[in-house]
Amino acid sequence: MTDTTEAAMTGRAAARGKEPPPAPAPPQAPRGARLRRGATPWLFLIAPLALLLTFTYAPIANMVAYSFTDWDGVSPELHYTGAGNYTELLTRPELFEVFFVSGYYLAASAVQIVAALYFATILSFDVRFRNFFKGVLFFPYLINGVAIGFVFLYFFQDGGTLDSVLSVFGVHTDHAWLGTPTSANISLAGVSVWRYMGLNFVLFLGAIQSIPGELYEAAELDGANRWHQFRYIIAPGIKPVLSLSVILSISGSLSVFEIPYIMTGGATGTETFVIQTVKLAFQFNKTGLASAAAVVLLLIVLAVTWVQRRLVPDDRVDLV
Amino acid sequence: MNRRTLPALLTAGLLLSACTGTGGASKGADAKAPDDPSKVSGTIKVLTVRTDLVQDGTLKKYADAFRETYPNVKVEFEGLTNYEAEVKIRMNTENYGDVLLIPAVIKKSDYPKFFASLGTQAERAAKYRFTDFTTVGGKVYGQSPVGVTPGFLYNKRIWQEAGITDWPTTPAEFITALKAIKSKTDADPYYTNFAAQWPLTSWTYVNGSVGCDTGATTKLVESDPWAKGADLRVGDTLLYDIVHDGLAEKDPTTTNWEASKPRLAKGQIATQWLGTWAIVQFQDAAKKAGVDPADIGFMPFPAQVDGKFCAVVGPDYNQAVNVHSEHKEAARAWIDWFTDKSGYADDNLAISPLKNAPLPAVLQPYEEAGVKFIEVDDSAGAQLKLVDTESEVGIYAPDYRQDLVDLARGARKGSLDDFLGDLGKRWTEAQQSVGTR
């Protein structure tokens, strides 16, 4: 970049750095008023906190508690078994083999992020029918996951939608899309890309549009082409959103559930860790063990996120 | 309060409250049959899996007929599509209807905590079938309104076109028959219904038919079900061979249960392993598709002992009275009436739960062929469930048979012997840790 833009940037930054003078300390209010003022934020917080505690933290606490018992999910009796469930989990390596399936979804989410970034960049410029395309891309995210599962079951059927479309182009594959583990996992991961790309796209688009327009103008004056604009303005500008998307995709890939559960029920090598946990809890009635598995998944996701934040620290970006 | 202690305290409180899942278990109660129908009163709620019968008003008709005898009892129905999962959660409260179907998840030893007894086994066994399936400590807790027997539903026209007139008597003959169907007709010789999952679980009900043994359930508990010649191995091997020889549908992973009914009726599918309960549904599908319902036939598992086929008669879901119900007499009256007088079994072409009732007309060919009907003793049923969950094999779950089908069509590596051997190994280990072996 040239001197002019840099100068403009530093000038702005300096202007921003100036803070208003600190307000003079208010005179000491009477005790009752002070108490009321102290209580006000808490009064406002009662409703959201109550909801948060009842529907998020209480069930989690319950789950953690169950993970130390041998409860079968319905019996009036349950016994404390200490860390027994965790020992069992960690001494059964076959329970963790299902994480290989997450690899497919991880690869798919890389594709998904790149595609979303591409579309978001294109549609942030002035393109014809851009609102229409935005709608088209975001639409799948609004559909219920169960419905998507059923729709795509027809899509992949022998002689179903996919085969018909391919035959229009003269391709007759006669391939059972969900027939082998590799093919099934790739097909399912494809469905997941179709579904979640809209969300990434909207996040990226929002971030891109919050970059002030004069930056592009300045860049254009300096002779930057679209690729330069992307490389030096857009990419650094959306870095926080990008790293958020990566975190979401990784934790998402580790805990895939809806799509494979509805479409294959975990058959033909498509079983994920969450499906396995659900089966432990509801097919074999080992609610205690399944709760422990859920806790372990939570810890794994937290650990992965932590490692990622360590590797790519979230430093503040300041374009302007 | 310190910023850090508040959340910590809250969490501790939640953890404490979380550990109190155990309600005061009641000590059991009896649901006595009322002496005078006019004196029973109350509104009872009946939970059912037959959402179709709730919606089309059939159950309402039964309730109206019931009111003619019991004018002061009002019956309400609640159909649950995902019965097992929904009822399981409700069983943690006291509010799970007045009459319900005993879910598979409840341990037999826990029956007295959840259900009111219908009487002693000694008195009920004289009149009703299947009493030992719900007997705990000499008392009976449930009664199935219908009896079912597993078997192959097949399209008679297609089987005749392929030149097969007699039921195959061995698995090998059965495979030969399916091969003839494949070469001589356009039908899929067999349909697994792999994607719907639960139809695969019916293969567990070959147990007892192969060896014609009333002690088959006890055998499952005490020996390896996949040992050479054992019932489940014979059944699973047949399923494997059907798929392995290309006699099943082309793409099992995208099958459709609802669509499979008219397809069998029309002759696009020749055979499916299900049970008597399915006959009425397939006949309805035939009528809707405009083909002859009489084309739908029913045949036993291809195995004979002393020159005779064997059909195992078992209960469907057992109806029981909620131990917390405030109208136990009315609930009991409903169960008795529904079992004895409603005609529900006849309407569903099912086997009557009454010992002295004749067989339904659909099983006429069975009588002509001299098929032997047996009831498998279920006194080891509770232990069987224990071994099954401990081993995580899941003989009543679809998973291992889905793996078996994948193995047979080459989507999974390995040999049949290793696969069944591994199941047997897990089963035996579970038997040892539970102590049944």
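The values are calculated or read from the model by the stated rules, or taken from the named source; none is laboratory data. Since we're looking at a predicted model, the values are computed, not measured. A quick note on method: Cβ atoms are made from the backbone with ideal geometry, for glycine too, and the neighbour counts reach across all protein chains shown.
Within region A:42-97, restricting attention to residues that are without any contact (Cβ under 8 Å) to a residue 12 or more places away in the chain and among the charged types (D, E, K, R), the residue that is nearest to B:Asn92 (Cα to Cα) is A:Glu77. Among what's in region B:248-274 and is of a type in the set (Ser, Thr, Tyr) and part of a helix (DSSP H, G or I), pick the residue that is farthest from the other protein chains (Cβ to nearest Cβ). Taking the candidates together, the pick is B:Ser260.
Counting residues that are more than 14 Å from chain A (Cβ to nearest Cβ) and free of Cβ contacts under 8 Å to residues at least 24 places away in the same chain, which helices (runs of 4 or more DSSP H) fully inside region B:20-108 reach at least 3? I'd like the intermediate steps shown before the answer.
Details: elements: B:51-55, B:58-69, B:83-90.
Those helices (runs of 4 or more DSSP H) span B:58-69.
Restricting A:Phe68, A:Phe99 to those that are out of contact with any Asp or Glu (no Cβ under 6 Å at 6 or more places or on another chain) and more than 12 Å from every other protein chain (Cβ to nearest Cβ) reduces the list to A:Phe99. On inspection, B:Leu232 passes the criterion of being under 21 Å from the mean Cα position of the chain (by Cα) and touching a residue at least 60 places away in the same chain (Cβ under 8 Å).
Among the residues making up region B:151-180, those that are in contact with a Ser or Thr (Cβ under 6 Å, 6 or more places away or on another chain) and either within 14 Å of another protein chain (Cβ to nearest Cβ) or in a strand (DSSP E or B) (or both) are B:Phe152, B:Tyr154. Among residues of region B:181-201 being touching a helix residue (DSSP H, G or I) at 6+ places or on another chain (Cβ under 9 Å) and either free of Cβ contacts under 8 Å to residues at least 40 places away in the same chain or part of a helix (DSSP H, G or I) (or both), the one that is farthest from the other protein chains (Cβ to nearest Cβ) is B:Lys184.
Residues checked against (1) away from every other protein chain (no Cβ under 14 Å); (2) loosely packed, with under 15 Cβ neighbours inside 10 Å; (3) of a type in the set (Ser, Thr, Tyr):
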site	(1), (2), (3)
A:Arg231	yes, yes, no
A:Leu242	yes, no, no
A:Ser249	yes, no, yes
A:Ala267	no, no, no
A:Phe273	yes, no, no
A:Lys279	no, no, no
A:Phe284	no, no, no
A:Ser291	no, no, yes
A:Ala303	yes, yes, no
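Would region B:394-413 turn up any residue that is more than 25 Å from A:Thr268 (Cα to Cα) and either within 14 Å of another protein chain (Cβ to nearest Cβ) or modelled with pLDDT of 90 or more (or both)? The answer is no; no qualifying residue exists.
Residues that are surrounded by 19 or more Cβ atoms within 10 Å (Cβ to Cβ) and in a helix (DSSP H, G or I) within region B:338-368 comprise B:Phe338, B:Thr339, B:Tyr344, B:Ala345, B:Leu363, B:Tyr366, listed in sequence order. Could you check, for region A:176-186, whether at least one of its residues is away from chain B (no Cβ under 11 Å) and under 27 Å from the mean Cα position of the chain (by Cα)? There is at least one residue in region A:176-186 that is away from chain B (no Cβ under 11 Å) and under 27 Å from the mean Cα position of the chain (by Cα). Within region A:76-130, the set of residues being part of a helix (DSSP H, G or I) and charged (D, E, K, R) comprises A:Glu88, A:Glu94, A:Arg130.
Residue by residue, here is whether (1) touching a Leu at 6+ places or on another chain (Cβ under 7 Å); (2) over 26 Å from B:Phe282 (Cα atoms); (3) among the hydroxyl-bearing types (Ser, Thr, Tyr) holds:
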site: B:Ile106; (1), (2), (3): no, yes, no
site: B:Ser109; (1), (2), (3): no, yes, yes
site: B:Leu118; (1), (2), (3): no, yes, no
site: B:Tyr128; (1), (2), (3): yes, yes, yes
site: B:Thr131; (1), (2), (3): no, yes, yes
site: B:Asn155; (1), (2), (3): yes, no, no
